[in-house]
Amino acid sequence: MGQASYNAEELAVALERRDERAFDVLFKEHYEELCRFARAFVRVPDMAEHIVSEVFVRIWERGLRLREGTSLESYLYVAVRNGCVTQMRSRREMVRLESIAEREEEVEELWREERLEEVWTAVERLPEQCRLILKLVVLEDMKYADVAERLGISVNTVKTQMKIAYRELRREFSEKRLLLFFALCGHGEC
């Protein structure tokens, strides 16, 4: 049987239902790149593969549950990054905390090589309301409803402004660069 074809939204929906073919597609498309990403943190290939495998196991066992406004790729990068940080912290008796900070700095440097600071500059050029809403959603990890309540606007306005922000940023940058940027910013490190 040939490999199923899914767009990102269809794949996320199929993964919610724990569809085996969708899971195979997800694994084949993302496993290697996520392992490379994890190795930038933990520097041990076997550990990186274990962390990525654990993310895939959780998706398979529980199904995928994405929050509104979160893309599948962003979810994967954040889950792997969180797994790396958790793994490093659990081994802190063997690894000094300064070493963890150094590794995170090295990963930030690696991402700077991808010129992600250009994304931040582009975010700052967005219209004021659009920029504010994007920062609240991405940097403060607020839900659309919470942003709407805080700013005294409708949830639909928040959604519209987020669509505008993403559309403007996609005009200038690749999806992968934006996902890496938002994954990093989603943890208060931008």
Practice item. Looking at (1) in contact with a helix residue (DSSP H, G or I) (Cβ under 7 Å, 6 or more places away or on another chain); (2) more than 17 Å from Ser71 (Cα to Cα), find the lone condition where Phe27 falls short. Key: (2)
Revision key, fill the gap. Expected single match for modelled with pLDDT of 75 or more, surrounded by 13 or more Cβ atoms within 10 Å (Cβ to Cβ) and more than 19 Å from the chain's Cα centre (by Cα) among Leu72, Leu64, Leu132, Leu76 is Leu132
Review point. Inside the stretch 135-158, can you point out the residues that are closer than 17 Å to Leu66 by Cβ and surrounded by fewer than 17 Cβ atoms within 10 Å (Cβ to Cβ)?
Key: Asp141, Lys143, Ala145
**Study point:** Number of positions in the stretch 135-172 that are part of a helix (DSSP H, G or I) and either at pLDDT below 80 or aliphatic (A, V, I, L, M) (or both)
**Key:** 14
Revision key, fill the gap. The condition of being out of contact with any helix residue (DSSP H, G or I) (no Cβ under 6 Å at 6 or more places or on another chain), among the hydrophobic types (A, V, I, L, M, F, W, C), within 23 Å of Lys143 (Cα to Cα) and surrounded by fewer than 19 Cβ atoms within 10 Å (Cβ to Cβ) holds, among Val57, Val13, only for Val13
Review point. Within the stretch 32-49, is there a residue that is surrounded by 12 or more Cβ atoms within 10 Å (Cβ to Cβ), among the small types (Gly, Ala, Ser), without any contact (Cβ under 8 Å) to a residue 24 or more places away in the chain and at negative phi?
Key: no
Study note, to complete from the structure: Condition set outside any loop (DSSP other than H, G, I, E, B) and either acidic (Asp, Glu) or at pLDDT 85 or above (or both), scope the stretch 85-106, selection surrounded by the most Cβ atoms within 10 Å (Cβ to Cβ): answer is Glu104
Review point. Taking only pairs six or more apart or across chains, which ones have beta-carbon atoms under 7 Å, a first residue in the stretch 1-24 that is assigned by TED's automatic domain parsing to the domain that holds Glu61 and assigned to a loop (DSSP other than H, G, I, E, B), and a second residue that is among the basic types (Lys, Arg) and modelled with pLDDT of 85 or more?
Key: Ala4/Arg21
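The values are calculated or read from the model by the stated rules, or taken from the named source; none is laboratory data. What you are looking at is a predicted structure, and each value in this text was computed from that prediction instead of being measured. Note that we place each Cβ from the backbone using ideal geometry, even for glycine, and neighbour counts take in every protein chain shown.
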